[in-house]
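Read the structure below first, then the notes.
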Amino acid sequence: MESISDIRSQFEFTDQDQENLRLLGEILLPMADQFADEFYDFLMQHPKTAEYFKTEQAVARRKETFNSWFNDLFTSQYDNRYLLRLQKIGKVHVKIGLESYHVNAAMSCVRELCRRQVAAQINDGVLKEDILITLHRALDINLSIMTSSYQEEKLRKVFVSHKAEEYLVHLAERLLHGLNLFLLLGLLVLAIGVVSLLGHDIYKAVTSNLEYGVIRALGSLLVLWMMIELLHTEIGHLRGGKFRVRIFVELALVAFIRKIFVASFEHKEPTSFMLLVGALFILGIVYFLVAKVESKN
């Protein structure tokens, strides 16, 4: 399954759409109970879906789960946590044997209920069109994620060792998430260390060699700036964004630039200085290639 950022991009779901969902929520959430009743009536019209509601408890549970999903539709941030919740709903549909076309038909029912209510309450034609576009995008994203579980189920039947594979994939996902959290913690510790280094360089500039200390402080400031960019990138990755290798290459470039600044004052041997310059040149080539690939993607 693709990441939520890829899904949002594919459906052209923007931050403005996320804001529009709040307005949709103000219009539609007060109608949630009525929609739940009409949704239940729609399901009861068809024998294959009606058989899932043989008891009053099943009906009440269905309305409760509908209200929960309907509320999340307009109030949730469309991030990885929301993606996981929708995947869980899709897996439940697969588990109980509900056919995918029933899910599509049910979503069509919800879409029409919402569309009618929006059309009745918003008179501004431009705003109405904008809000309805957001509604369709949100429902399409929900439907796409839910029904993806059916495709995954078909693929699972191909593998004999499904249980072992599922366990390993789940374990790998948890391990990857843990490693990302550990990486974030490590970046925080390193950022604190860079702040300490910057403070030390400023102190040296004030108490001893001003020119040398200022150069070191400027280099440390560059490294701190890159650490902030790294933290920003990692936080975005944990929230569903893409991981950018270029940031790490940029940090290495900045570290070498600082090293060259300092080396110019330490009177290092020409060979050592040239090695640093050569390494910086190679990193520049690597940065160019990585940036070129990322820009294409």
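The values are calculated or read from the model by the stated rules, or taken from the named source; none is laboratory data. Since the model is a prediction, treat every value here as computed from it, not as a measurement. Here the Cβ is made from the backbone with ideal geometry for all residues, glycine too, and neighbour counts use every protein chain on show.
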| request: Those residues that are assigned to a helix (DSSP H, G or I), surrounded by fewer than 17 Cβ atoms within 10 Å (Cβ to Cβ) and out of contact with any Gly (no Cβ under 6 Å at 6 or more places or on another chain), I need them from the stretch 198-219; list them, please. | output: 199, 200, 202, 203, 206, 207, 210, 211, 214, 218
| message | Is it the case, given these coordinates, that residue 191 is in a helix (DSSP H, G or I), at pLDDT below 85, out of contact with any Gly (no Cβ under 7 Å at 6 or more places or on another chain) and more than 30 Å from residue 103 (Cα to Cα)? | response | yes
| task | Only residues in the stretch 115-137 that are surrounded by 13 or more Cβ atoms within 10 Å (Cβ to Cβ) count as the first member; pair them with residues that are assigned to a helix (DSSP H, G or I) and of a type in the set (Lys, Arg), Cβ under 6 angstrom, at least 6 apart or cross-chain, and list the lot. | result | 122/128
| Which pairs have Cβ atoms under 9 Å, sit 6 or more apart or on different chains, and link a residue in the stretch 181-198 that is under 15 Å from residue 229 (Cα atoms) to one that is among the polar types (S, T, N, Q) and assigned to a helix (DSSP H, G or I)? | 194/220; 195/220
| Here are 112, 19, 38: which of them is over 20 Å from the mean Cα position of the chain (by Cα), surrounded by fewer than 17 Cβ atoms within 10 Å (Cβ to Cβ), free of Cβ contacts under 8 Å to residues at least 24 places away in the same chain and part of a helix (DSSP H, G or I)? | 112
| request: State whether one or more residues within the stretch 236-245 are at pLDDT 75 or above and surrounded by 16 or more Cβ atoms within 10 Å (Cβ to Cβ). | output: no
| note | Counting only residues that are hydrophobic (A, V, I, L, M, F, W, C) and outside any helix (DSSP H, G or I), the stretch 1-16 contains a total of 3
| Every residue from the stretch 189-225 that is closer than 28 Å to residue 81 by Cα and either basic (Lys, Arg) or touching a Leu at 6+ places or on another chain (Cβ under 7 Å) (or both) | 191
| query | Can you find a residue in the stretch 71-91 that is among the polar types (S, T, N, Q), touching an Asp or Glu at 6+ places or on another chain (Cβ under 9 Å), free of Cβ contacts under 8 Å to residues at least 60 places away in the same chain and part of a helix (DSSP H, G or I)? | reply | no
